[in-house]
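The values are calculated or read from the model by the stated rules, or taken from the named source; none is laboratory data. Keep in mind that what you see is a predicted model, and the values were worked out from it rather than measured. Using ideal geometry, Cβ is built from the backbone for each residue, glycine included, and neighbour counts are taken over all protein chains shown. To get the accessible areas, we keep the full protein, side chains included, count just its heavy atoms, and leave off ligands, DNA and RNA. Shrake-Rupley method; radii C 1.70, N 1.55, O 1.52, S 1.80 Å.
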Amino acid sequence: MTNPSDDLSRRSFLKASLAGAAVSLAKIPAATETKQKDQTTNPVSGGPSDDLTRMSIREVADLIRKKKASPVELTTACLARINQINPALNAFITITAEAALEQAREAEAEVQRGKWRGLLHGVPIALKDLFDTAGVKTTAASGVFKDRIPAEDAEVVRRLKTAGAVLLGKTNMQEFAFGGSSIVSYFGAVHNPWELSHIAGGSSGGSAAAVAAELCYGALGSDTAGSIRLPAAHCGIVGLKPTYGLVSTRGVIPLSWSLDHVGPLARTAADAALILHVIAGYDPQDITSEEMKVPDYAQALRANISSIRIGVPREFFFADLDPDIEAAMKNALSVLEKLTAGIRDVTLSANTMETLRDVIRAAEAFAARQPVPRRQHRGRRASFESRRGSPRRRRRPDRSP
């Protein structure tokens, strides 16, 4: 576990992340899937990309549904790229090749029989290595959990499996998600696919690097203080931190229960929307889960935004910006101003919230890592699960008059 002082200035990373996210969003037309950087080029070697692994989830899903592409073919192509490129990136901790090919064969057989589960059916996806996977190591990039094998899947993993996704393996990360670089890992540092000497960002650095380097079509990450958005910005892809309570965190090794979020990383905004649609929704066994309507996120990307006003909180987020980032922000805002009903400066108590978040995160991270007295152990469950409390069904809100 890292020391809070080694947190590598997540505040600074957060500012850069927000700037990168704004630039990315400004470049995404509502009705199209804009490719990240030049998608004809391999981000690792600069050479040509593999046509299969370069495509978006939307594109390969359409091919799978029309039986023009095979889930086995897609999975084999991803595994080949992992075998070729992962030694340089160190994006994966565990590669579940045999299980992935079996899932791909099952998906292919279902599609051939006319059973199509949706846009993730047969699509290879990766998981940050703090999502519990039944029978597969889940380590949180820590030597403490290097041999930990959960008995059950995290809720989001279960939903991906139900949707027919092919799970390629577990991605590298900052140890226990406590940091913004993905350098501190029992399994070694993650490298940025666009420049191997640079960091991939953290703590979901392995997921971001894998998506950017076309080792998978999308991935799951977690975000407590920027851990999805930072690596997405560093690697030039899309990362989304969903509304708190929208996506279940049950079965996810915690950093801070009050602040943890689960969300997608993908190469396009539309792909992130497709993954979010599958993993979002109420989980009655998660005490942080809230009952919310889950809309069609991909369809929402095509909505008219001309009536939307955008608020820009300049205090805190714009302080001490690097000149290049500031220029990119101004450019992005000028584009957004033309597409919407306008931009207005707003005031948020961000400094206060940041201070409170730091205290809560540190306290809850400390509590989650505390050993549990021997009398509290039940079987071989990891100690943090007892701290969080056993899953239980919450009483639904009374909506009677």
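Given R₀ = 25 Å, what would the calculated FRET efficiency be for R344 paired with D62, taking r from the Cβ atoms and rounding to 0.05?
0.05
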Keeping every protein chain present and rolling a 1.4 Å probe, give me the accessible area per residue for segment 237-298 in Å². 30 Å²
How far apart, in nm, are the 7 Å Cα→Cβ label points at D322 and E110? 4.3 nm
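Using only Cα atoms, figure out Rg for segment 137-178 and give it as a multiple of 2.2 N^0.38 Å.
Values: Rg = 11.7 Å, N = 42, 2.2 N^0.38 = 9.1 Å.
Working it through for segment 137-178, the quotient is 1.28.
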Give me the distance in nm between label points sitting 7 Å out from Cα along the Cα-to-Cβ direction at I310 and E98, one decimal. 5.0 nm
Applied in sequence order to segment 75-84, the curve 6.51 cos²θ - 1.76 cosθ + 1.60 (Karplus, θ = phi - 60°) yields integer Hz couplings, x standing for Gly and Pro, of 5, 4, 5, 5, 5, 5, 5, 4, 4, 7
Can you list the HN-Hα couplings for segment 135-149, worked out from phi with the Karplus curve (6.51, -1.76, 1.60; θ = phi - 60°), rounded to whole Hz and with x for Gly and Pro? x, 10, 3, 10, 10, 6, 6, 10, x, 4, 10, 4, 10, 6, 10
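Can you put R369, R361, R117 in order of accessible area, largest first, using a 1.4 Å probe?
On the way: R369 45, R361 15, R117 85 Å².
Largest to smallest exposure gives the sequence R117, R369, R361.
May I ask for the net charge around S45, where only other residues with Cβ less than 13 Å from the Cβ of S45 are counted and Lys, Arg are +1 while Asp, Glu are -1? Could you put the intermediate results ahead of the total?
Details: positive: R81; negative: D50, E195, E214.
That sum, taken over residues with Cβ under 13 Å, equals -2.
Please report, as a whole percent, how much of the solvent-accessible surface of segment 71-197 comes from carbon and sulfur atoms (probe radius 1.4 Å). Can you show the working numbers first?
Details: 2460 of 4600 Å².
Roughly 53 percent of what the probe reaches on segment 71-197 is carbon or sulfur.
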For segment 154-209, what are the per-bin percents of Cα-Cα distances with bins 5 Å wide, up to the bin holding the maximum? 5, 22, 22, 17, 15, 13, 6, 1
Per q in 0.15, 0.21 Å⁻¹, report the Debye log10 I(q)/I(0) for segment 252-360, using one uniform scatterer on each alpha carbon and no solvent. -1.07, -1.27
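Let me spell out the model: positive unit charges on the Cβ of Lys and Arg, negative unit charges on the Cβ of Asp and Glu, origin at the Cα centre of segment 224-308. What dipole size does that give, in debye rounded to 20? Can you show the working numbers first?
Values: 6 positive and 7 negative charges, 63 e Å.
Dipole of segment 224-308, to the nearest 20 debye: 300 debye.
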Rounded to whole Å and ordered largest first, report the semi-axes of the equivalent ellipsoid of segment 177-295 derived from its Cα gyration tensor (root of 5λ). 25, 16, 10
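Give me the Kirkwood hydrodynamic radius of segment 43-183, using the inverse of the mean 1/r over all pairs of distinct Cα atoms, in Å to one decimal. List each step's numbers first, then the result.
Details: mean 1/r = 0.0631 Å⁻¹.
Roughly 15.8 Å, rounded to one decimal.
Quickly rank 152-159, 258-265 as a protection proxy: mean count of other C-beta atoms within 10 Å, highest first.
Details: 152-159: 21.9, 258-265: 23.8.
Result, highest mean first: 258-265, 152-159.
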Return the long-range amide H neighbours of L167 (sequence gap of 5 or more, or a different chain), with a cut-off of under 5 Å between placed amide H atoms. I125
